[in-house]
1. With respect to the numbered conditions (1) within 15 Å of ligand 2 (Cβ to nearest atom); (2) under 30 Å from E285 (Cα atoms), which one is the sole condition not fulfilled by G187?
2. Could you list, in sequence order, all residues of the range 317-339 that are in a strand (DSSP E or B) and among the basic types (K, R)?
3. Would you check which residues across the range 432-456 are farther than 21 Å from A483 by Cα and of a type in the set (S, T, N, Q) and list them?
4. What is the number of the single condition among (1) over 25 Å from T211 (Cα atoms); (2) surrounded by fewer than 22 Cβ atoms within 10 Å (Cβ to Cβ) that V342 does not meet?
5. Considering only residues that are more than 6 Å from ligand 3 (Cβ to nearest atom) and of a type in the set (V, I, T), which ones fall in the range 67-82?
6. Would you tally the residues in the range 404-442 being of a type outside the set (A, V, I, L, M), in contact with a strand residue (DSSP E or B) (Cβ under 9 Å, 6 or more places away or on another chain) and assigned to a loop (DSSP other than H, G, I, E, B)?
7. Would you kindly identify the strands (runs of 3 or more DSSP E) lying entirely within the range 157-227 that contain at least 3 residues that are within 10 Å of ligand 3 (Cβ to nearest atom)?
Amino acid sequence: MKKIYYLPLILALLLVTGATAKASGYEKDDHEHDEHEHKSEKKPELDYDHEKYPFYPSLMNTHTGKAVKSTDFTSPDTCKECHTEIYNQWKGSMHSNAWHDPVFQALWRLGNKETGGLTEKLCAGCHTAIGVTSEEILLRDEKGDYDISEIAQHGVQCDVCHSIREATYKDTESNEPHNATFIIEPGDIKRGPYKDAKSDFHKTAYSELHTKAKLCGNCHHVFHPLNNFPIERTYDEWKNSVYAQNGIVCQDCHMATIEDAIETARTLKKVKHPGKAANNGPMREHVASHYFVGANFTVPALLGAPKHADMAKKRLQSAAKLEIIPPKELKAGKLGKVRVKVTNIAAGHNLPTSLTEVRQMWLEVKVTDTKDKTILHSGWLDKEHKLEPDTIIFHAYAMDAENKHTIKPWEVVRFDYNNTIPPKGSATSIYSFVVPADAAGKLKVAVRLRYRSYPQEVANFLLGKDAPVLPIVDMVKAQTEIAVN
Ligand code: HEC
Ligand code: HEC
Ligand code: HEC
Ligand code: HEC
Ligand code: HEC
């Protein structure tokens, strides 16, 4: 019965096309698996400047233009001795888990298989820069598995960021930071935001780059190296935002408490956080937090970082505003329409951002009558935790060269649509239904904006038997009653 009233008139007033209905058509991918493995046998010859890009397709380089040793880097455990608070914040962040993250591992290994190893250094360049600059990523243990040193397994760590000497994106065709366009110089000098820092343990150097979004954009801007398609565009979304216009950078929200970030999003002003940068250092007017919390609450919880998971939930719950816009009137037996408006109030980039081809942020809308009978229900999950096909999802729908849906980054050539919500922008969706002829009194409209890190079928595909039932966060809820005339 529900389906009859639930006319297929739902449309979002954005770039949504009819493709919304196929939004969870992931299984198709599975089928095509063999075919793609076949293709990988003819590994294309890559044409590139070997001197400029010794770790191609990752665009990173070292100060010597050659591989360095992983022992040239210092472990976070050493930094911890004097920067205890910063270490405790970083430990458990997605940066610290960038290599161990099981979702990364699964997709990376699949990519390496399907492309004959072409994606190996590309992906690892951002997820373990030490593994790539030391070329340990090429080593295998006796079982034939990857064999990288303990330090390289710490992912995006202290001595990766604080050894970045300069950005090299100006030499690239896009002229934008992407695919690790930086030079890394491990050693004595730790580069950071202070002009007067002194330490007995290491030299220090002021680095303007570390106070800019460009530093983050080197990794938070992922292009397909062969067709140049920007798959993860967080940096670009930010660059074209009101935040960039007002000098508000990634650090102001992601290296700050959630409360301060909310304040910054509202006022477009930075909030100072006084404290000590080192246990024995002087008091500073501002110390940046190293929690680096984004939206991922699933993997931190799996990897034993519940505090980071909770902070990610809070960040998500701060990001959007939800409004139900009722029709002027609602008549029994006639078509009724309710508008639902989602505004991106606190994200300095699109909502959601980055892996928009897999993240799921969607609307659940339920209209019921006074007897609690359902008149419309959209955005529900079936028994397999899949979203019903007509759900309005804010995401990007990625396509491969054969015009088929894909979530494998190495196959992506374009987006069929991208209806993520720009910074301070909004998206309005219309829900239509027939008001029952016998409806009397008021109809109740209840709406939730929900988020999960991946579609359940993607998690099942990548993690197999180990896949958990994915947790969901309700970002924001709204409810209203509309009188029937
Ligand atoms: C230019 C740097 C860069 C490159 C190259 C890169 N990544 Fe990432 N990757 C990131 C960043 C930054 C994130 C975090 C985005 C987010 O979580 O929103 C990320 C997140 C991910 C995630 C999501 C993990 C999770 O727990 O949800 C997966 C999976 C992943 N990358 C796989 C890959 C694969 C496979 C490749 C190569 C084909 C690759 N990455 C190449 C920077 C990069
Ligand atoms: C993803 C890159 C990144 C990682 C990983 C990272 N930092 Fe930082 N760090 C920064 C940036 C950027 C700043 C400057 C932020 C600002 O002032 O806006 C900074 C600032 C600092 C400062 C100056 C004080 C402060 O907090 O502002 C110290 C000390 C520091 N980091 C130490 C560490 C240590 C120790 C680790 C590892 C436990 C670490 N960092 C991991 C990017 C990073
Ligand atoms: C023996 C103690 C000690 C150890 C170990 C140590 N630091 Fe420091 N570090 C300091 C002190 C002290 C300062 C100065 C703090 C200040 O002036 O506020 C400092 C400052 C910094 C700064 C700020 C530089 C600037 O100019 O802005 C960075 C970045 C930094 N350390 C990174 C690291 C990293 C990365 C490690 C590990 C590889 C590390 N430190 C290990 C004591 C230490
Ligand atoms: C060397 C590459 C690199 C640099 C530089 C870098 N990141 Fe990341 N960042 C990553 C990777 C890789 C991940 C994701 C790891 C994963 O999900 O497996 C990530 C994850 C994150 C996340 C968590 C995303 C989520 O889904 O919750 C945030 C927030 C973040 N980075 C912010 C920053 C900020 C802010 C800066 C600049 C100060 C920065 N990053 C610099 C590589 C980098
Ligand atoms: C005004 C505050 C603000 C600024 C500036 C900002 N962010 Fe965010 N960021 C957020 C909020 C809020 C979220 C949670 C909602 C979401 O996922 O978009 C978030 C989420 C993220 C995520 C996780 C996305 C996901 O769904 O997996 C990444 C990665 C990230 N930010 C990186 C960055 C980078 C890199 C920059 C700078 C280029 C940046 N952010 C600038 C507020 C901000």
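1. It is condition (1) that G187 fails.
2. Passing the criteria: K321, K337, R339.
3. The answer is S453, Q456.
4. The one condition V342 does not meet is (2).
5. V68, T71, listed by residue number.
6. 10
7. Passing ranges, in order: 189-192, 203-206.
One line per residue, one yes/no per condition, for (1) away from ligand 1 (no atom under 14 Å from the Cβ); (2) under 23 Å from F104 (Cβ atoms); (3) surrounded by 14 or more Cβ atoms within 10 Å (Cβ to Cβ):
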position: E142; (1), (2), (3): yes, no, no
position: S149; (1), (2), (3): yes, yes, yes
position: G155; (1), (2), (3): no, yes, yes
position: E176; (1), (2), (3): no, no, yes
position: T181; (1), (2), (3): no, yes, yes
position: P193; (1), (2), (3): yes, no, yes
position: T211; (1), (2), (3): yes, no, yes
position: C219; (1), (2), (3): no, yes, yes
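Laboratory data are not the source of any read-out in this text; all were calculated from the coordinates shown. These numbers come from a predicted model, not from an experiment. In this analysis, Cβ positions are derived from the backbone assuming ideal geometry, glycine residues included, and neighbour counts consider all displayed protein chains.
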